Amino acid sequence: MSMMPPPLPRAAKPRPTNNVDRDSTVRGTNDDATVSKLSCVELGYLKDDFVRYFVRRPVKRAPIINRGYFSRVAAMRLFLDAYLAAESEKPKQIVSLGCGFDTTVFQLKAAGQCPARYIEVDYQQVTSKKADIIRHTECLRSLLEPLEGG
């Protein structure tokens, strides 16, 4: 009986060597997440009337990706809904770190559920691109106009 040696490990993808490369890699996750969310929406896993404005080229994801993304979004929405429904004497606020092209603020505004403050934080390149899309998309802009100057 002869034994085969174990297979050689695959070469790992090169890791970013500096902060600029790492930042670019992190910013790239925004596009991937947004495309994945749109894939879920198009297949009926999620309802989101706003994500399509942030995707240039839709891509149908594998079922496991759709189910995983659905689970993540659904879990976050359960926590968010519970927080917004909880009694509080103080005004509610949400701070979304690494928000990317997240559309939660639009969904909350459209449903009349937006808290007193909704703050999004991300890389300047991401927030600038998001702001530009909002500026050029009437249905997005109209939901946020009452927030300007506030």
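Just so it is clear, none of the values below were taken in a lab; they were calculated from the coordinates. Keep in mind that this is a model prediction, so the values were computed, not measured. All Cβ positions, glycine included, derive from the backbone under ideal geometry; neighbour counts span all protein chains shown.
In region 79-150, what GluC sites (Glu not before Pro) fall in a loop by DSSP, with at most 16 other Cβ atoms inside 10 Å?
Values: sites: Glu87, Glu89, Glu120, Glu138, Glu148; in loops: Glu87, Glu89, Glu148.
Passing sites in region 79-150 are Glu87, Glu89, Glu148.
Please work out the FRET efficiency for the pair Thr25 and Ile119, using the Cβ-Cβ distance as r and a Förster radius of 35 Å; give the result to the nearest 0.05.
Working: r = 25 Å, r/R0 = 0.70.
The calculated FRET efficiency here is 0.90.
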Cα to Cα, under 25 Å, and not fewer than 8 places away if on the same chain: which lysines meet these conditions relative to Lys109? Lys37, Lys47, Lys90, Lys92, Lys129, Lys130
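Can you give the relative contact order of region 23-144 as a percent, counting alpha carbon pairs under 8 Å and 6+ residues apart? Each step should come with its number before you reach the end.
On the way: 115 pairs, mean separation 31.7, N = 122.
Relative contact order, region 23-144: 26 percent.
Quick one: putting +1 on the C-beta of Lys and Arg, -1 on the C-beta of Asp and Glu, what dipole do you get for region 23-144 around its Cα centre, in Debye to the nearest 20?
The dipole of region 23-144 has a size of about 280 debye.
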